[in-house]
């Protein structure tokens, strides 16, 4: 009977230790997840700034192209009408 109690006691101690280890690991994982979420948010914000910058540059170059096309078309029309 004493042997069974000892086995149960050891089992209980082992289970408590495992629960403690699991809680410790869970806490570390939650911290890591929070860090990763922060990194993802920072990366997302950086990418959004880059996308907006790229869009602005693209629109700027489109207007420059259109102005060049209008100037070329105007010159061709003037040559034709002379």
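Per DSSP H run of at least 4 residues, take -39500 (n - 2.57); add these up for the chain, divide by its residues and hand me the 222 nm value, nearest 500 deg cm²/dmol. Please report the intermediate quantities before stating the final value.
Working: 1 runs with 80 residues, N = 82.
Estimated from H runs of four or more residues: -37500 deg cm²/dmol.
Give me the Debye-computed log₁₀ of I(q)/I(0) at q = 0.11 Å⁻¹ for the chain, equal point scatterers on Cα only, no solvent, two decimals. Values returned for q = 0.11 Å⁻¹ are -0.67.
Bear in mind that the values in this text are calculations on the coordinates, not laboratory data. In this text, all values refer to a predicted model and were calculated from it rather than measured experimentally.
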